[in-house]
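The values are calculated or read from the model by the stated rules, or taken from the named source; none is laboratory data. Remember, predicted model here, so these are calculated numbers, not experimental data. Here Cβ is always computed from backbone atoms with ideal geometry, including for glycine, and neighbour counts include all displayed protein chains. Just the protein is used for accessible areas: all its heavy atoms, side chains included, with ligands, DNA and RNA removed. Shrake-Rupley method; radii C 1.70, N 1.55, O 1.52, S 1.80 Å.
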Amino acid sequence: PIVSGNTVLGLASLPETGVREQSRATLRLRGAPSVGAEQTGRITWGSFLPVVGRSADSFWYQVVWRGTVGWAYSPFLDILSGDLNNVPVTYP
């Protein structure tokens with residue numbers, strides 16, 4: 001039986017938080033939670049993303065996009081399911 005979406009994605013080492021979000025803009029996926037960090041991907045508008053971590057101020061969410069773990073700016077994301085309090089702070 002499958003107990004985690006992260007297992008299906010080959011990301012079993014990441015926490016299954018139960019939080020899913022949808023982008024409401026085209027976003028840059030960043031290597032760290034900063035606009036100055038390297039861009040590691042581009043999230044298309046309307047994409048569904050699992051949240052695996054967050055910054056201490058919750059302005060950035062650590063997400064998985066097409067097998068890549070990175071950071072997305074939270075004001076452009078809508079939480080669809082889950083409780084953000086279940087998401088661990090992975091960046092001070």
Spin-label pair F59/N85, simplified geometry with 7 Å Cα→Cβ offset, distance in nm:
2.5 nm
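Please work out the FRET efficiency for the pair R66 and R20, using the Cβ-Cβ distance as r and a Förster radius of 25 Å; give the result to the nearest 0.05.
Rounded to the nearest 0.05, the efficiency is 0.95.
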Taking the simple approach of a point 7 Å from Cα along Cα-to-Cβ for both F76 and A32, what is their distance in nm?
2.0 nm
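Ranked from the most accessible area to the least, with a 1.4 Å probe and all protein chains present, what is the order of E38, E21, E16? Please list the in-between numbers first.
Working: E38 135, E21 0, E16 75 Å².
Accessible-area ranking of E38, E21, E16, largest first: E38, E16, E21.
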Y73 accessible area, nearest 10 Å², 1.4 Å probe?
80 Å²
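From the square roots a ≥ b ≥ c of the eigenvalues of the alpha-carbon gyration tensor of the chain, which class results: rounded (a/c under 1.5), prolate (a/b over b/c), or oblate?
Working: a/c = 1.41, a/b = 1.31, b/c = 1.08.
Because its axes are fairly even, with a/c under 1.5, the chain counts as rounded.
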